[in-house]
Amino acid sequence: MNCPRVKPPERVPMVASCRSRMGQSVFSKAVAENVGRSIMSRPGFVGKRVGALIAGVCLLAAVGIPTDASLYAEDSISLPRLLENVGVPGGLCVQLGAPQSVELEELARTGRFVIEVLTPPEHADRTRLEKRLADGLGGVLSEIRWTPGSPLPYSENLVNVVIVQRAISADEIAEIRRVLCPHGVLIAKEEYLPSQVGGAWETASGAAVPAGWKAYRKPWPTGMDEWTHPRHSASGNAVSNDVFVGPPRRVRWVAGPWRELANVVTAGGRNYYAGMIARDGFNGIRLWEKEIRPSPAVGGFGYRAPEGSTPPVGWEDMVFVVDDGKVCALDGRTGEVVRVFAESGSVSDLLFDQGTLFAVEPNQIRAFRPETGEPLWAYRGSAIRLTVAGEGIVAFAQGDVKKGQKQEIVALDAASGTVRWRRDDYPWVVRATRAVYYHGLLAFEESTFNDHGPGNALHLIAAANGGPIRDQAFLPGMNHMRQARPLFINDRLWLLEGGRGAGDQREPIRIVSLSIPDGQVIAEMPGGLAHCFPPVATPRYLFSGELNLTDLTTGQMDANRITKAACGRDYGWVPAHGLIYVMPKHCVCWPMLRGYAALAPQREGGNPADRPIDELTFPVESAAVDSTGPKKAVPYDLRTEWPIYRHDSVRSASTAATVPDDLAVRWEVDLNPHANLTGPIAVDWQEDFYVKGPVTPPVVAEGTVVVALPHARVVTALDVASGKVRWRYFAEGRVDTPPTLYAGTCLFGSSDGFVHCVRLEDGSLLWRKRIAPHDERMVAFAQPESPWPVPGSVLVCDDVAYIAAGRQSFADGGIFVIAFDPRSGQTIWKKRLNTIPQKGYYTSSALEFDNFDLLRQEGDGVAMSRWWFDRRTGEMQVDLWRVFSKVEADGRAVWAPQDCWSYGPRNQTRTKTYSPRRPLVAFRRNVLVGLMEDRRTIYRRDFDLEHGEEFDTRWMTGWTASNNSRTGKTAWRCQRLAEKATWRRDLFDSTQASEKVDALTLTGNRILAGTTGGELLILDRESGETVASIAIAPPVWDGIAVAEGRVFYVTQTGRLLCLAAGNTPGK
């Protein structure tokens, strides 16, 4: 429904019932209010999207400004104030040129911005970067090499604000317009703009910007829609009017938290979900979070929600919630309460339609004017349910059967609340489960909400008088929680039908278009079997199956299963803002993209990554440094060094070196770059599952210990003996796992799509290689990243390096696996992974099968989860059900569980004994030590494969594991390994109920275990008995290395410790 423009309400003081976690704004509320009124009151302004600018992505273009200039000194206005004046007090800022700026540092310290400065390479200044790292701004304020005049390295519709302080051409304005999101703002001094700005821009002038400046807003495209209610709008018709949504090809953004949720609504260019979190809809950056009681979060197979919770509803720059029994209007930009409506009672549903807010309670419906809170009318009823609104009508069912009341359908006039008509002669009303209003008719759904098809039906009546139109029984095309959902598009009724019918007979899944008056079939086309979520649609596409989009004009079905819908009563996907929003899910149907994400259609002009692999180049940029380059390849002695994450190419987490029992701290360095960072950006970073802490585990060689500071985008090398920092290297994207040390060099990948090779001696760049087929950025966990991020840990085997880059096989052209010369960076072979090893997408194969992972050596190949690539040729093989890898050394072997390091998220919460991270293992020759699923019990398994011992390497489906966990049978790989354990020990007593092991290392004589309680346990490897315990601090995940006669230990808080024999106190 189109809503008339209504002036937003004035703010009122915060009330105790709505608890904001955002904190006090650093900006003047008065200024913000004045600016907001100024912008909204100008002629021609469409106020619906202003709030999209409050926090999101901001691009500052300041080319040609001296590096020591104060950007806004002449106007006596700070950068945070200027951005607030145009409605952007948070997000991601990218500045072109002028990297030295006090204003940028001030902006970074707010904790609401991540800032990238696009700088010509010749303007790089190491001293400036070092200072920002020391000031706690590393990664919050970063510099990116960029050639002026080249395309801006961002996806379309991603950026909120562009500020220009040099003369720009019409072509440059077109490029700015491309990266700006709808209602994104271009700010420039008037003298820098061409005489004709070009294109359709809305003028945002007045108090919003200083004198002499101009502000232009990119218009909201006609045909781009929002999803303001659980079923799109107050009408209940789950059809978005967004014409820009199309079959998914790209990941636009990804975020947390890692909870299965399906309660997203959108308004003002923002998404609201969980209980509640607000994100920018175009780039996914967190804006604010507020606790609502009871939480409106809904999710899981059974559509679970806290008792008494009410789904939120969005409208322009507000979101309406029910908190502690009161209806509150929140400012969508900040989360602050702008209105608390008069005693609202026990509200079950909220609806907003044509400028009126309706609060539905069990025994009454009340209408309010949202901009003032004024009550308009109240209707008293009994057991009210199934309420919908549209075109001046509010319709619902009522009648308390328990009190002997007959159920009836009632239609009210939306403006006055007076009864237009009522009907109590429909026997199906008592069985009706949902309702829809569409252009003069009402449709009532009769759904079974189980696995059975019979019993589902639709009942259509006239909205004008309640007269019958027709009834229609059909089989909903769903596998579980089946719903008789109608979708009304272009004056036709569309149904997804088929699946299990009477007698469990399977009917083909199809989409049918019906004439509304008589039910005659107009068109029939293919659809996909939906699982535990009903279909939704846009004017062009009907969503079904896992991620199947059927084109309603051509009848062609596109199924690009980057991920799938989450279980939900109202939807599994949300089409809005030209994107498809998908939520976290427990499903293990196939190795799919995980997390809360936005998927975009194919880019205009096609995706460069889709070109044939032979046409793709992965260029190497050699650095102009005074260097002899890498040393001659001489393998490190793995008895004394730890040059790669988890020690070696098979990632065994073990060493032949022995450790003393009297370990003591020799030195300690605090490397945490963000100890004092607070705000939405910090929370988003904490939810990045691929980053386990502020500092990665260590690697060690040649008297140097190296770690990465992931969010700060820094690699740091320290002296093994003293802990003194030797050098730092500043990357241009996250370095999520530790580098690899090789022949006097340090190799690592970064999330901007590059691999770097620096000299281990001094950190000088030797070369960097672009693995990303195209230099472009989306957003992941509040930082710009390439669609093809490269993990920090590079695999090196026999003088050949290997890396993989990507997110999921079907996204952005696939995952690229590259073999290259570690000395020069030159490509040896290249492969694209754009398939999964199964034909059906309901196989439940992905229990312990990751969509992306770190590479490891496996025999004559390198492996990523269950995929295996020949090291010489790159030819790929995959065994769908094998989850153990045979690792041989010195004539002995073990079967080790794949991917125990939990690089990516592990989503299988339905299994009773589930742990968010896999239990770690360490192995050497024929000995494997590992943790049970609870990470509290440790065991040792001795294999004898050389003498014929058999071991079952195949795994089970997620369904089987879930059932087994309920009955005490084997559900996890550790249980199979521990069946023939040499010994098994519980590491904690009853007073340590919450403690677990987060780091595990096997040495020549001992086992080292770092606990969440802050102890380093030293265990005898022959018996498992604890021989010593050292109080330190909880370790970062997998954060122990043993090398050069020392133990290196990284804590969760970012401290690096060196321990050695003796009790000499350290620094």
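We did not get these values from a lab; they are worked out from the coordinates using the rules stated. Because the structure is predicted, anything quoted here is derived from the model rather than measured. Quick reminder, even Gly has a Cβ in these numbers, built from the backbone with ideal geometry, and neighbours come from all protein chains shown.
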What is the extension gain from residue 1005 to residue 551, computed as 0.36 nm multiplied by their sequence separation minus the C-alpha to C-alpha distance, in nm to one decimal? 157.0 nm
Size-normalised alpha-carbon gyration radius of region 615-1061, reference 2.2 N^0.38 Å: 0.93
With 19 Å as the limit, write out which pairs from 692/996; 692/769; 692/830; 290/564; 564/839 have Cα-Cα distances beyond it, or answer none. 692/769; 692/830; 290/564
Once you put a point 7 Å from the Cα of residue 106 and another 7 Å from the Cα of residue 431, both along the Cβ direction, what distance in nm separates them? 6.8 nm
For the chain, max minus min Cα coordinate along each principal axis, in Å, sorted largest first? 87, 76, 57
Whichever aspartates and glutamates have a C-alpha closer than 14 Å to that of residue 218, once near sequence neighbours (fewer than 8 apart) are set aside: 156, 175, 202
Ranked by how many other beta carbons lie within 10 Å on average, peptides 1028-1041, 639-652 from highest: 639-652, 1028-1041
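So between residue 295 and residue 888, what do we pick up on full extension, going 0.36 nm a residue minus the alpha carbon distance?
Between residue 295 and residue 888, full extension yields 208.3 nm more.
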Taking a label point 7 Å from the Cα of residue 134 along the Cα→Cβ vector, which residues of region 652-670 have an amide N closer than 19 Å to it? 669-670
For a protection proxy built on the mean count of beta-carbon atoms within 10 angstrom, sort 833-841, 501-509 highest first, please. 833-841, 501-509
Footprinting exposure proxy for 722, 915 (fewest neighbouring C-beta atoms within 10 Å first): 722, 915
For region 905-1015, evaluate the Debye formula with one uniform point scatterer on each Cα (no solvent term) and list log10 I(q)/I(0) at q = 0.12, 0.13, 0.16 Å⁻¹, rounded to two decimals. -0.46, -0.54, -0.81
Label point distance in nm, residue 506-residue 775, each placed 7 Å from Cα along Cα→Cβ: 5.0 nm
Cα atoms only: what Rg and Dmax, in Å, come out for region 248-606? 20.2, 64
Could you give the length gained by full extension between residue 211 and residue 452, i.e. 0.36 nm per residue of separation minus their alpha carbon distance, to one decimal place? 80.1 nm
Packing-wise, with mean Cβ within 10 Å as the measure, how do 434-441, 546-553 rank, highest first? 546-553, 434-441
For Cα pairs less than 8 Å apart in space and 6+ apart in sequence, what is the mean separation divided by the residue count of the chain, i.e. the relative contact order in percent? 9 percent
In straight Cα distance, which aspartates and glutamates are under 14 Å from residue 980, not counting same-chain residues fewer than 8 positions off? 942, 944, 949, 950, 952
Amide N of region 238-268 lying under 13 Å from the label point, which is placed 7 angstrom from the Cα of residue 615 along Cα→Cβ: none
For region 737-826, using Cα atoms only, the Rg and Dmax in Å read 12.9, 40
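Can you tell me the convex hull volume per residue for region 337-486, based on C-alpha atoms, in Å³ to the nearest whole number? Please list the in-between numbers first.
Values: hull volume 19.1 nm³, N = 150.
Expressed per residue, the convex hull around the Cα atoms of region 337-486 is 127 Å³.
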Angle between the Cα long axis of helix 29-40 and the longest principal axis of the chain, 0 to 90 degrees, nearest 10? 60 degrees
Equivalent ellipsoid semi-axes for region 272-418, as square roots of 5 times the alpha carbon gyration tensor eigenvalues: give them largest first, rounded to whole Å. 27, 19, 13
Using only Cα atoms, locate the centre of region 710-751 and the centre of region 804-838, then give the distance between them in Å, rounded to an integer. 23 Å
Kirkwood Rh and Cα Rg combined as Rg/Rh, region 496-548: 0.99
For region 94-229, what is one quarter of the convex hull surface built on the Cα atoms, given in nm²? 10.3 nm²
Once you place label points 7 Å from the Cα toward the Cβ at residue 967 and residue 951, how far apart are they in nm? 2.7 nm
Counting helices only, and only those DSSP H runs with n ≥ 4, report the 222 nm mean residue ellipticity of the chain as the sum of -39,500 (n - 2.57) divided by its residues, in deg cm²/dmol to the nearest 500. -2000 deg cm²/dmol
